[in-house]
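Please read the structure below before turning to the comments.
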Amino acid sequence: MRGNFSTITKMFSASVVAAGLLMSAPAKAADDTIKVGILHSLSGTMAISETTLKDAMLMLIDEQNAKGGLLGKKLEAVVVDPASNWPLFAEKARELISKDKVAAVFGCWTSVSRKSVLPVFSELDNILFYPVQYEGEESERNVFYTGAAPNQQAIPAVDYLMSEDGGSVKRWVLEGTDYVYPRTTNKILEAYLKAKGVAAEDIMVNYTPFGFSDWQTEVSAIKKFGSAGKKTAVVSTVNGDANVPFYKELGNQGIKAEDIPVMAFSVGEEELAGLDTAPLVGHLAAWNYFESVDTPENKKFIADWHKFIKNDKRTTNDPMEAHYIGFNMWVKAVEKAGTTDPDKVIDAMIGVSVPNLTGGYSTMMPNHHITKPVLIGEIQADGQFETVSRTPGLVMGDEWSDYLPDSKDLISDWRAPLSCGNFNVATGKCGGKGTN
Amino acid sequence: MNLFRAIGLTLLFLLATLSSSGASEADLRGIIAKFATAKGFSEIGAVVHELAAIGDPAVERPLAALADGNLYVRKVDSLVFAGKEAGETVQLSDPLSGEASGEAAKDDITKIKVNNTLRRVIRDALGTLTLGAKDPAVRIAAADTMFKTPDAANIGPLDTAIANESVASVKALLEQARAASVLVSDRPDADKLAAVALIGARGDRDAVSLLTSVEANSADAVKQAATAAIANINSTLAFWDAGQNIWYGISLGSVLLLAAIGLAITFGVMGVINMAHGEMVMLGAYTTFVVQQVIRTSFPDLFDWSLVIALPLAFLVSALVGLIIERGVIRFLYGRPLETLLATWGVSLILQQAVRSIFGPTNQEVGNPSWMSGSFNVGQLAITWNRLWILVFALTVFAVLLYVMKRTPWGLQMRAVTANRRMAASMGIRTPWVDALTFALGSGIAGIAGVALSQIDNVSPNLGRGYIIDSFMVVVFGGVGNLWGTLVGAFSLGIVNKFLEPYAGAVLGKIVVLVLIILFIQKRPRGLFALKGRAVEA
């Protein structure tokens, strides 16, 4: 009896302690959370693309919290709106790091916005995860590039078009919006095509302004260029809103994908959602992820997304997958380092490997780029892409293009002895210069 | 003549017997079953070739289904079916007869994938098979396909088809397709020269494309003939190119006119620097979207009428918002242009963000009714229907507006208030109401411009942004306060822009136009058609 009584007392006191712990837990968490910055435009021209990424990040943070947070602490998202205004990106980044003391920032879409925040991140020593395909020619200690470098998108896409499956294309139109990403990508592609033996007169390069809407002249020029008796294809780096009128004009002027296919690097499920895709069936896009990819991870991701956004018509896209990979990598690196201190996390990031949504693993390389598969898809009548080609293995992001004279000798390795983003192997010195 | 007909009939009969005896249904099913095991595009392509080689018109159904991505393999028994998606399930039917054979869940069947190369192979195969189709449009499509993909083996079937053809225009196309096939065959040079002449007479880009490859692959007389024919076609095409630039310019001009015409009232007539003008256009486009959504869900048959239904609604929505803005903000700011500019700029941001919150930041799909899709040819000039209708629409709106301003009592009051407000008020005109209604009219017209622009541009909250600068440019260039100035301004800017674009590129072209306008305004600060008289000084 006595023994029993003592057991009961022990149990009682234990439960009191437990209850006390439970009660103190939320109080402790409230002033001890890990803050994560989200730097995506919620207004202005880029809101169309970037708002989705903000929502995707909120979903990922919610899910991580449901799993118990990180290092025993809850994650807290800090959302700011840089309003598609490039200098404002730098100001908001500074605000996130200095005022809100975030542990890492996920953000930016256009290359100009990324370039505008770079000095802030290196000065205040924080981490930026950049989720969009870009032109390469950059590798910064504080930035992790989870989108595709040109060799993870543009080069395999052109290879596909040159192959027999892609139609053995001999004549090329490089059509782009006039800013840094299309210009650099087209420079790389031009050098690559010439290295493959394409004559200069078989390449036509054309640029249009942001938000261009009257494509009549350009489309008829493409038609004219395509009537030289050689198989012709368009490689499009046309960005954002300008794509919808471009595809409408293609459809109206009767350019079919079987005759002149358009391979796009900036058109995803999101852009097609605003379009009647029936006349576009067969036009192509190169990405590292398609919503139509049939894997259990992707099915779960789409279901979670629909539940989170409360709309089962909303599509998923490649930059969302990039944030998914980037966020999970960061979580893993923080767990590995045991702290959110940016210096330790940056070192811990290299070599971290997490599942991607296309049925494999993506790994962070020493050049702060990741490994991904490259998928080529054809537009279907339902606005989705059907994968028609997939690289056999994973492709490692190559930051300094091998096809540009200024950058072919440069490499990047942020591991201890070298710790350099632009090491020139020809001169053996750190600090080489790329093309931009 | 009778003799020809007899020969033709015999051939037709022969063809019919040949095709019916070509292969039994079991053979066809055997080949179709191979789709289930074919791996990769090249193997599927091989099966397509095998099917097409049989030459039985019955293979048209499975091949067309394959090209449209509607051919499936059932996982349990590896049987091939044609299918039609219906939600989460697929309605299956027999690939040859088209008889319904139940339905299957999407997970239980695999779609046979096609890519562009395969689609082209199928299109070519169907081209040969559909030469004898009843519908002339199908025969024209077949002739067109065969012209673009010439093959020496096509000459025989084409000869038969030409002999049977009764429609002259289709016959001409078939003969051109035959000529194209002759050029890639090993027929004597005399035949080829005749073919070059025939194709040269066709005179379009496809002919140039074909002749260029002939020029590269043949010798002597044929090569020279091809070179001469290409030069000939190119000189005619250069003429058409100029015509095309003018048409593109007119079309761009009509878009500028539509965007600017509402502003010609609010800014031109009333003198309000209305930065929220673009958002009125955007509201019109979103009204179209909402109308189409309702039609899609409730009255799918009315889809072709959606734009007509949207027009009055868009006018009302934008006019109402315009009225609220005038009564709520602008009326306190008359005569203070800087404050008006900032206030309307703020209103435009509010409207954008409101639409973004309600509809989301992404583009909304506004469909083109069937009469707004596709294009037709005038000579070598391809004119797209949507651009043509927008031109007609812009001119109609302009004419109606001109009538309202010049011929109605309301227009008279509007002009009186603009010319001399105090005098008009003394005459008993309620100037505040005239102001409000004029602003509402300008906004409403911007709204119906939005209906038209939704057909060629993105429907997103940023829609208005793209047009505001151009609209002001047109109104200032044309002359503030003059509707005719807006018309002439819009079309001249459109045409100059489109003539510069092929030479200077779109980016530089736009810069050159801006520089030209700056120079022009230096010379004539009041624009093309300046208002004269006391009103200007007021």
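The values are calculated or read from the model by the stated rules, or taken from the named source; none is laboratory data. Note that this is a predicted model, so its numbers are computed, not measured. A quick note on method: Cβ atoms are made from the backbone with ideal geometry, for glycine too, and the neighbour counts reach across all protein chains shown.
Things worth noting here:
- Residues of region B:65-102 classified as among the polar types (S, T, N, Q) and either within 14 Å of chain A (Cβ to nearest Cβ) or in contact with a Phe, Trp or Tyr (Cβ under 7 Å, 6 or more places away or on another chain) (or both), total: 3
- Check on B:W345, in contact with a Phe, Trp or Tyr (Cβ under 7 Å, 6 or more places away or on another chain) and surrounded by fewer than 21 Cβ atoms within 10 Å (Cβ to Cβ): no
- Residues that are assigned to a loop (DSSP other than H, G, I, E, B), among the polar types (S, T, N, Q) and either buried (at least 20 other Cβ atoms within 10 Å of the Cβ) or at positive phi (or both), drawn from region A:391-429: A:S401, A:S407, A:S419
- Once region B:221-276 is narrowed to residues that are within 30 Å of B:A436 (Cα to Cα) and β-branched (V, I, T), the residue that is modelled with the lowest pLDDT is B:V269.
Results for (1) surrounded by 24 or more Cβ atoms within 10 Å (Cβ to Cβ); (2) out of contact with any Leu (no Cβ under 9 Å at 6 or more places or on another chain); (3) at pLDDT below 90; (4) outside the structural domain of B:S348 (by TED's automatic domain parsing), shown as yes or no for each residue.
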| position | (1), (2), (3), (4) |
| --- | --- |
| B:R421 | no, yes, yes, no |
| B:A436 | no, no, no, no |
| B:G444 | yes, no, no, no |
| B:G447 | yes, no, no, no |
| B:V451 | yes, no, no, no |
| B:S460 | yes, yes, yes, no |
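- Matching residues, region A:221-250, being small (G, A, S) and at pLDDT below 90: A:G226, A:S227, A:A228, A:G229, A:G240, A:A242
- Pairs meeting the criteria (first residue in region B:357-376 and at the interface with chain A (Cβ under 9 Å from one of its Cβ atoms), second residue buried (at least 18 other Cβ atoms within 10 Å of the Cβ) and among the basic types (K, R), beta carbons under 8 Å, at least 6 apart or on different chains) are B:N368/A:K248.
- Single condition B:D186 does not satisfy, out of (1) assigned by TED's automatic domain parsing to the domain that holds B:K148; (2) assigned to a helix (DSSP H, G or I): (2)
- Scanning region A:303-331 for residues that are charged (D, E, K, R), in a helix (DSSP H, G or I) and over 20 Å from A:M396 (Cα atoms) gives A:D304, A:K307.
- Taken together, the residues in region A:35-70 that are in a loop (DSSP other than H, G, I, E, B) and under 17 Å from the mean Cα position of the chain (by Cα) amount to 3.
- Here the condition is being within 14 Å of another protein chain (Cβ to nearest Cβ), under 30 Å from the mean Cα position of the chain (by Cα) and either within 28 Å of B:P502 (Cα to Cα) or in a loop (DSSP other than H, G, I, E, B) (or both); of B:A260, B:A238, it holds for B:A238 alone.
- In the condition set (1) assigned to a loop (DSSP other than H, G, I, E, B); (2) polar (S, T, N, Q); (3) under 17 Å from B:L263 (Cα atoms), B:T362 is compliant with all but (3).
- Hits in region A:88-142 (condition: closer than 20 Å to A:K35 by Cβ and assigned to a loop (DSSP other than H, G, I, E, B)): A:D100, A:K101, A:V102, A:A103, A:C108, A:D125, A:N126, A:I127, A:P131, A:N142
- Residues in region B:147-163 that are closer than 17 Å to B:P57 by Cβ and in contact with a Ser or Thr (Cβ under 7 Å, 6 or more places away or on another chain) were compared, and the one that is surrounded by the fewest Cβ atoms within 10 Å (Cβ to Cβ) is B:P157.
- Any hit, region B:328-345, residues being touching a residue at least 60 places away in the same chain (Cβ under 8 Å), outside any helix (DSSP H, G or I) and over 30 Å from A:R314 (Cβ atoms): yes
- Residue match in region B:389-411 (condition: in contact with a Pro (Cβ under 8 Å, 6 or more places away or on another chain), crowded, with 20+ Cβ neighbours inside 10 Å, more than 8 Å from every other protein chain (Cβ to nearest Cβ) and in contact (Cβ under 8 Å) with a residue 12 or more places away in the chain): no
- Scanning region A:177-221 for residues that are outside any loop (DSSP other than H, G, I, E, B), within 11 Å of chain B (Cβ to nearest Cβ) and not polar (S, T, N, Q) yields A:V205, A:Y207, A:E218, A:V219, A:A221.
- In this structure, A:V262 qualifies as more than 7 Å from chain B (Cβ to nearest Cβ), of a type outside the set (D, E, K, R), under 29 Å from the mean Cα position of the chain (by Cα) and crowded, with 18+ Cβ neighbours inside 10 Å.
- Which listed residue, of B:S348, B:S306, is within 14 Å of another protein chain (Cβ to nearest Cβ), in contact with a Lys or Arg (Cβ under 9 Å, 6 or more places away or on another chain), at pLDDT 90 or above and within 15 Å of B:L463 (Cα to Cα): B:S348
- Residue within region B:286-299 that is in contact with a strand residue (DSSP E or B) (Cβ under 7 Å, 6 or more places away or on another chain), assigned to a helix (DSSP H, G or I) and of a type in the set (F, W, Y) present: yes
- Among the residues of region A:356-390, those identified as within 14 Å of chain B (Cβ to nearest Cβ) and in a strand (DSSP E or B) are A:L375, A:I376, A:G377, A:E378, A:I379, A:F385, A:E386, A:T387, A:V388, A:S389, A:R390.
- Here the condition is being within 12 Å of chain A (Cβ to nearest Cβ) and surrounded by fewer than 16 Cβ atoms within 10 Å (Cβ to Cβ); of B:A201, B:A216, it holds for B:A216 alone.
- Flag for A:D312 being within 14 Å of another protein chain (Cβ to nearest Cβ), modelled with pLDDT under 90, over 22 Å from A:C108 (Cα atoms) and touching a His at 6+ places or on another chain (Cβ under 8 Å): yes
- Selection status of A:F290, more than 9 Å from chain B (Cβ to nearest Cβ) and free of Cβ contacts under 8 Å to residues at least 60 places away in the same chain: no
- Some residue of region B:263-277 being within 13 Å of chain A (Cβ to nearest Cβ), over 20 Å from B:A314 (Cα atoms), assigned to a helix (DSSP H, G or I) and touching a Gly at 6+ places or on another chain (Cβ under 8 Å): no
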